[in-house]
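Enquirer: Take this structure, written in structure tokens, and hold onto it; I'll ask about it next.
The values are calculated or read from the model by the stated rules, or taken from the named source; none is laboratory data. In this text the structure is predicted, and so the values were computed from the model without any measurement. Here the Cβ positions follow ideal geometry from the backbone for every residue, glycine too, while neighbour counts run over all protein chains shown. The protein model used for the area step is the full one, side chains on, heavy atoms only, and it has no ligands, DNA or RNA in it. Shrake-Rupley method; radii C 1.70, N 1.55, O 1.52, S 1.80 Å.
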Amino acid sequence: MTVSVIIPTQNPHAGRLARTLRAVRNQTLPAADWETLLVDNASTPSLRLADWTPHGPPNLRLVPEPVPGLSHARRRGFQTATGDIIVLVDDDNELAPDYLAEVVRLCAAHPRVGTLGGRIAPEFEQAPEPWVR
């Protein structure tokens, strides 16, 4: 099974996107088994692949989507993807190093399952209100 990682972004925060790409780069699944699609969703100015390749995995591709909106960006990613499995990653997510390997393992073990999700540990820039906890 091969995996396509789709990361939609529009005018991204450079530090957060670089961190997301580094986490994708550091996956334990061999790079030959997956691709990374960075979908530029009408950023101004348009993103340049050369600006992100130092942070990202060797299989990083930049895919333009001129129509703004997350649904448009994800659809463009789905249309471009070549993998058997699609993993959607937001541009401020940081995947665990074994995330993609675990996705492949779970999909192989449960071939009838159509959707998987993982635990999310939020990171706050400011202390959240008590009710958030």
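Enquirer: So which residues in region 25-77 are among the hydroxyl-bearing types (Ser, Thr, Tyr) and open to solvent by 20 Å² or more (accessible area, probe 1.4 Å)? Give the steps one after another, and end with the answer.
Expert: We begin by selecting, within region 25-77, every residue among the hydroxyl-bearing types (Ser, Thr, Tyr); these are 28, 36, 43-44, 46, 53, 71.
Within region 25-77, Thr28, Thr44, Ser46, Thr53, Ser71 meet the criteria.
Enquirer: What are the residues in region 83-114 that are more than 21 Å from Thr20 (Cβ to Cβ) and either within 14 Å of the chain's Cα centre (by Cα) or open to solvent by 70 Å² or more (accessible area, probe 1.4 Å) (or both), if any?
Expert: Here is the first cut: in region 83-114, the residues more than 21 Å from Thr20 (Cβ to Cβ) are 84, 105-114.
Asp84, Arg105, His110, Pro111, Arg112, Val113, Gly114, listed by residue number.
Enquirer: Out of everything in region 7-24 that is open to solvent by 20 Å² or more (accessible area, probe 1.4 Å) and small (Gly, Ala, Ser), what residue ends up being farthest from Ala96 (Cα to Cα)?
Expert: So the first thing to find is which residues in region 7-24 are open to solvent by 20 Å² or more (accessible area, probe 1.4 Å), and the list is 10-16, 19, 22.
The next check asks that each one be small (Gly, Ala, Ser); those that pass are 14-15.
Working: Ala14: 20, Gly15: 18 Å.
My answer is Ala14.
Enquirer: Let me ask something additional. Does Thr80 fit the bill of being at pLDDT below 95 and either open to solvent by 40 Å² or more (accessible area, probe 1.4 Å) or within 24 Å of Met1 (Cβ to Cβ) (or both)? First the steps, then the outcome.
Expert: On the way: at pLDDT below 95: no; either open to solvent by 40 Å² or more (accessible area, probe 1.4 Å) or within 24 Å of Met1 (Cβ to Cβ) (or both): yes.
It is false that Thr80 is at pLDDT below 95 and either open to solvent by 40 Å² or more (accessible area, probe 1.4 Å) or within 24 Å of Met1 (Cβ to Cβ) (or both).
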